[in-house]
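Report on the following structure.
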Amino acid sequence: MSTPEAADATPTGTAGHARHIKIAPSILSADFTCLGAQIAEAEAAGADLIHVDVMDGCFVPNITIGPLVVSAARRATSLPLDVHLMIAHPEDYVDVFARAGADIITVHVEAAVHLHRLLQAIHKAGKRAGVSLNPATPLCTVEEIVPYADTIMVMTVNPGFGGQEFIPTMLDKIARLRALLERRQVQCAIEVDGGVGPNTVGRVAAAGADILVAGAAVFAAPEGIAQAIGNLRRLAEAGNE
Ligand code: DX5
Ligand code: ZN
């Protein structure tokens, strides 16, 4: 795991110390008529990763981005691409998204029958492996897999759409995941996805998140992409103190 990308998914802090929190703007809420420019603006504003939401109309009730857009995003930025697969049969698409330029490939625990094998396939493709949990999925479903994952993603909305309302009971799930990782002494980053914005980001950071995904709060922010990323970072750091 000593690839340059490793630093992008690995928590940098230890228990009791402030973590360096990473911001991952989700292009789901970007203007696709000028996607390259929007990604470049996010990169210039200090985004740490670019989050790409892949939806198939089967695992979630929406259809969004495929490998073609991932490879276009790859050409638009040098930031790591954080590809979130909200699809059925993710095992059939690991190599496709790896070739398209993903750096982190995140799959849903609910979509994987053989999750350990799937994470092995992602690593074999040379990529970081993430595991995501829907809000209703209990934390115990990842208990056995945390030593094999680079990130665990806690969904704080039901996946499928940007701009939804944050589910506040997920804060306790994030905190319990942080405690689980510390108890097991596993170096695995906690990613939080859904409804992260100025009103929630401080609590999400305080609960123990390492990577914050934000779609509407970045790309639909009235103050513009750069200021929105700066505000989120400031509020996250304040919450993490
Ligand atoms: C939701 C996606 C999210 C989405 C987040 O299914 O996985 O990544 O883009 O969007 P916001 O931040 O607007 O809730
Ligand atoms: Zn996502």
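You will find that of 151, 141, the residue that is in contact with a strand residue (DSSP E or B) (Cβ under 9 Å, 6 or more places away or on another chain), surrounded by fewer than 16 Cβ atoms within 10 Å (Cβ to Cβ) and among the β-branched types (Val, Ile, Thr) is 141 and no other.
Could you go through the stretch 117-130 and let me know if any residue there is within 12 Å of ligand 2 (Cβ to nearest atom) and at pLDDT 95 or above. Yes - at least one qualifying residue is present in the stretch 117-130.
Remark: pairs (first residue in the stretch 215-227, over 14 Å from residue 50 (Cα atoms); second residue in a helix (DSSP H, G or I) and within 13 Å of ligand 2 (Cβ to nearest atom); Cβ separation under 6 Å; 6+ apart in sequence or on different chains) = 220/29. Residue 164 falls short on exactly one of the conditions (1) open to solvent by less than 60 Å² (accessible area, probe 1.4 Å); (2) farther than 17 Å from residue 19 by Cα, and that condition is (1). Restricting the stretch 37-46 to residues that are of a type outside the set (D, E, K, R) and either open to solvent by 10 Å² or more (accessible area, probe 1.4 Å) or farther than 17 Å from residue 213 by Cα (or both) leaves a set whose member that is nearest to ligand 2 (Cβ to nearest atom) is 38. Counting residues in the stretch 95-110 that are open to solvent by 10 Å² or more (accessible area, probe 1.4 Å), free of Cβ contacts under 8 Å to residues at least 24 places away in the same chain and in a helix (DSSP H, G or I) gives zero. Every residue in the stretch 4-36 that is charged (D, E, K, R), modelled with pLDDT of 90 or more and crowded, with 19+ Cβ neighbours inside 10 Å, please. Answer for the stretch 4-36, where residues must be charged (D, E, K, R), modelled with pLDDT of 90 or more and crowded, with 19+ Cβ neighbours inside 10 Å: just 22. Whether a residue is in contact with a helix residue (DSSP H, G or I) (Cβ under 9 Å, 6 or more places away or on another chain), more than 25 Å from residue 86 (Cα to Cα), among the small types (Gly, Ala, Ser) and more than 16 Å from ligand 2 (Cβ to nearest atom) was assessed, and residue 236 passes this test.
One residue stands out among those in the stretch 167-198 that are in a loop (DSSP other than H, G, I, E, B) and touching a residue at least 60 places away in the same chain (Cβ under 8 Å): the one that is least open to solvent (accessible area, probe 1.4 Å), which is 188.
Just to be sure I understand the filter: pairs with C-beta atoms under 8 Å, separated by 6 or more residues or on different chains, first member in the stretch 27-38 and over 16 Å from residue 66 (Cβ atoms), second member charged (D, E, K, R). Which pairs pass? Going by the 8 Å Cβ cut-off, the qualifying pairs are 36/75; 38/31. Under the condition of being closer than 21 Å to residue 135 by Cβ and open to solvent by 10 Å² or more (accessible area, probe 1.4 Å), the residues counted in the stretch 199-238 number 9.
The values are calculated or read from the model by the stated rules, or taken from the named source; none is laboratory data. Bear in mind the structure is a predicted one, so any value in this text is a computation, not a measurement. Glycine also receives a Cβ, built like all others from the backbone with ideal geometry; neighbour counts cover every protein chain displayed. To get the accessible areas, we keep the full protein, side chains included, count just its heavy atoms, and leave off ligands, DNA and RNA. Shrake-Rupley method; radii C 1.70, N 1.55, O 1.52, S 1.80 Å.
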